[in-house]
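Here the structure is laid out as structure tokens; the discussion comes afterwards.
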Amino acid sequence: MTGALKIRPATEADSASLLAIYRPFVESTAVSFETVAPTTDEFAARIAKAVASWQWLLAERAGQCIGYAYGSTHRERAAYRWSVEVSAYVHPDHHRQGVGRALYERLLEDLARKGFCNAYAGITMPNEGSIALHRSLGFESIGVFKSVGRKFGKWHDVAWFQRPLRSSPLQE
């Protein structure tokens, strides 16, 4: 761990660096249920959409992007508009250094400030590190979707966690 950790909003120009972190999760793990990594342009469009409606943050150390976290739609219907799904990805070389925690703390503050009331996170099982991180940040287990995703010829369960952000939206 060298250099101070800097958290800042992501921009479309960061898409190649962020995709470099995400691609191995798609190609080699069941952490992401995508089976083909998006292109840099597709990833840039995701960043733009998240920044416009929720938030997308990145962590960098010594000018190098080492992780990111973002909010996205929980469900499409209007009554769900005050709930948000959150995700974080950290380069494996920087696991267990507080990067995910720092990203999530800032992300959850930003989302609460924007009026979102509940954050949800889905974690492909098993993933004790991610579960411990979410619990340490106040997320509570709300259930498991059994055999919900199939990747690499195998079914995977997803555990769902919820954390309140605020008691009511800024406006209805």
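The values are calculated or read from the model by the stated rules, or taken from the named source; none is laboratory data. What you are looking at is a predicted structure, and each value in this text was computed from that prediction instead of being measured. Note: ideal-geometry Cβ built from the backbone for every residue, glycine included; neighbour counts use all protein chains shown.
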In region 1-27, which residue that is touching a strand residue (DSSP E or B) at 6+ places or on another chain (Cβ under 6 Å) and among the aliphatic types (A, V, I, L, M) is nearest to THR40 (Cα to Cα)? LEU18
In a helix (DSSP H, G or I) and under 19 Å from PHE25 (Cα atoms), is that true of LEU103? yes
Residue match in region 46-55 (condition: within 25 Å of ALA159 (Cβ to Cβ), touching a Gly at 6+ places or on another chain (Cβ under 6 Å) and in contact (Cβ under 8 Å) with a residue 40 or more places away in the chain): yes
Condition set of a type in the set (A, V, I, L, M, F, W, C) and over 15 Å from ASP110 (Cβ atoms), scope region 152-172, selection surrounded by the fewest Cβ atoms within 10 Å (Cβ to Cβ): answer is PHE152
Is it fair to say ARG8 is exposed (fewer than 14 other Cβ atoms within 10 Å of the Cβ), part of a loop (DSSP other than H, G, I, E, B) and charged (D, E, K, R)? no
With of a type in the set (S, T, N, Q) and under 24 Å from ALA102 (Cβ atoms) as the only criterion, which of SER72, SER28 stands out? SER72
Just name the residue that is farthest from the chain's Cα centre (by Cα) out of those in region 24-76 that are under 14 Å from VAL86 (Cα atoms) and aromatic (Phe, Trp, Tyr). TRP54
Counting only residues that are surrounded by fewer than 16 Cβ atoms within 10 Å (Cβ to Cβ) and without any contact (Cβ under 8 Å) to a residue 40 or more places away in the chain, which one in region 102-118 is nearest to ALA62 (Cα to Cα)? GLU105
Taking TRP155 as meeting all but one of (1) touching a helix residue (DSSP H, G or I) at 6+ places or on another chain (Cβ under 7 Å); (2) in a strand (DSSP E or B); (3) hydrophobic (A, V, I, L, M, F, W, C), write down the number of the exception. (1)
Taking region 119-151, which residues are crowded, with 16+ Cβ neighbours inside 10 Å and under 16 Å from LEU103 (Cβ atoms)? ALA119, ALA121, ILE123, SER130, LEU133, HIS134, LEU137, PHE139
Residue under question is LEU58, and the condition is that it be of a type outside the set (S, T, N, Q), in a strand (DSSP E or B), surrounded by 14 or more Cβ atoms within 10 Å (Cβ to Cβ) and modelled with pLDDT of 95 or more; does it hold? yes
List every residue pair whose Cβ atoms sit under 6 Å apart, with the two residues 6 or more apart in sequence or on different chains, where the first one lies in region 61-89 and is over 21 Å from ALA45 (Cα atoms) and modelled with pLDDT of 95 or more and the second, anywhere, is polar (S, T, N, Q) and surrounded by fewer than 18 Cβ atoms within 10 Å (Cβ to Cβ). SER83/ASN118
How many residues does region 90-114 contain that are over 16 Å from GLY138 (Cβ atoms), modelled with pLDDT of 95 or more and among the small types (Gly, Ala, Ser)? 0
So which of GLN162, GLN171 ends up being polar (S, T, N, Q), farther than 18 Å from GLU27 by Cα and touching an Asp or Glu at 6+ places or on another chain (Cβ under 7 Å)? GLN162
